[in-house]
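No value in this document is a laboratory result; all are computed from the given coordinates. Note that the coordinates shown come from a computational prediction; the quantities given were computed from them, not determined experimentally. Glycine also receives a Cβ, built like all others from the backbone with ideal geometry; neighbour counts cover every protein chain displayed.
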Amino acid sequence: MKKINIIISIVFSSGILFTSCKEKTEAPPAAPTKVCISDSMSHLIKLDTAAISNISSQLSLSGEVSFDENKVVKVFPFSGGQVLEVKVSLGDRVTKGQTLAVIRSADVAGNYSDLRSSSADVAIAKRELNNAKSLYEKGISSEREYTLAKENYEKAMIASKKVNDQIQINGGGHTNANGNYIITAPASGFIVEKNTTAGSYIRTDNSNSLFTISDLSHVWVLANVFEADISKVKLGDNALITTLAYPGKTFNAKIDKISEVLDPLNKVMHIRMTLPNEGFMLKPEMFTTVVIANQLAEKTVSIPSEAVIFDNSKKFVVVYHGNCNLEIREVEIRKTVGNITYLKSGLQAGDVVISQNQILLYRALTEQ
């Protein structure tokens, strides 16, 4: 009894009170003192009810964050030339129409030279057509001469249009007669790749993009599944994604794509999850851990994992029957998946367990 009173005094001094339900008498106690939960203590515990549920399985995979390729735009040069200016850096956020780079191109300068020549040809052909028409109407020239003048004018117009079309292809209104043209962002997003610098030259046969713009409002998480685990994943499975950058933060997603072929080098199957990227927290190339969780057909009793107490290589829970009716019960664990523990024995559905601050109650009960 003295030992119990010491324990209760220690707990009381820390702000948690176990009250004795046995009245004090002059004679020695005939029964052990009960451990009760005081009103103040009742606000510090949490009660959970054991329930029958499907057993979940988990598969932990390594993965990484990647662009949503459906929202990626590659930006290519219109023609070869020298890069005069680069207006953006890797990681910059850009808006549609924003200037990315300025390039000087001999092809663009040549197009404007051709445009001046073709415009002069059109003016000459137009003047000759007007003269031929006037002479034909006066009966001075033949119909054949008038028809030939019309054909020459039409040819000059076609040639001029061809040059104009070429200028439009090579930048249109973003070009000038000096041969400079401006590369603008075709869509809003982030610069996720940058393959040019000021002063560099672009070959006419270069097939590489200058910039890659991605809308990071949604990202992909790509994970690798080893051959032995392929049967454990399927489309629509829930995925819990964690990163080194945000400890304790879990991102929820579902598997929306499974590769039909194995990677020939690593012998793994690739799976993909698409998830919203609020606040642009997830960055491409981030390492992730992907936990695939799904439910099996088999059912058993489950409780929150935090309710389990480990002591002397055994597992226990504190069963709650009332504030002054607490019971320690040994349980046998089948498996633990995240914050859910599935039991083989020890509890039945409907049993109420304490899952917060239960260790204090457990110690008091075991030392009665």
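Details
- Checking (1) 59, 47, 42; (2) 146, 44, 40; (3) 53, 42, 41 against the coordinates, the calculated Cα extents along the principal axes in Å falls under label (2).
- Stretching Arg334 away from Asp311 to a fully extended chain increases their span by 6.5 nm, per 0.36 nm per residue minus the current alpha-carbon distance.
- With contacts taken as Cα pairs under 8 Å at a separation of at least 6 residues, the chain carries a relative contact order of 26 percent.
- Candidate lysines - alpha carbon under 17 Å from Lys267, same-chain residues fewer than 8 apart omitted: Lys232
- FRET efficiency for the Arg127 to Ile169 pair, using the beta carbon distance and R₀ = 25 Å, is estimated at 0.25.
- Sorting the segments 273-284, 253-264 by their mean number of nearby beta carbons within 10 angstrom, highest to lowest, gives 273-284, 253-264.
- Here's how it looks for Cys36: its modeled amide H is under 5 Å from those of Thr19, which are all 5 or more places away or on a different chain.
- Most to least packed among 309-319, 130-140, 58-68 [average Cβ atoms within 10 Å]: 58-68, 309-319, 130-140
- Cα-based Rg of the stretch 103-243 normalised by 2.2 N^0.38 Å, two decimals: 1.97
- Here the gap between Lys87 and Ser207, fully extended at 0.36 nm per residue and compared with their Cα-Cα distance, gives a gain of 41.1 nm.
- Dipole moment magnitude, nearest 20 debye, the chain about Cα centre, only Lys, Arg, Asp, Glu C-beta charged: 320
- The modelled label-to-label distance for the pair Lys155/Ser57, using points 7 Å beyond Cα in the direction of Cβ, is 7.8 nm.
- For the stretch 107-169: rounded, prolate or oblate by the Cα gyration tensor [a/c cutoff 1.5]: prolate
- FRET efficiency estimate (nearest 0.05) - Cβ-Cβ, Asn178 to Lys96, R0 25 angstrom: 0.45
- Amide hydrogen neighbours beyond the local backbone of Ser345, cut-off 5 Å, H modeled: Glu332
- Three-way shape call for the stretch 269-368 based on the alpha-carbon gyration tensor, with the a/c threshold at 1.5: prolate
- Modelled this way, with points 7 Å down the Cα-to-C-beta line, the labels at Ile359 and Lys74 are 5.7 nm from one another.
- Stretchable slack from His218 to Leu44, in nm (0.36 nm times residue separation minus alpha-carbon distance): 58.6 nm
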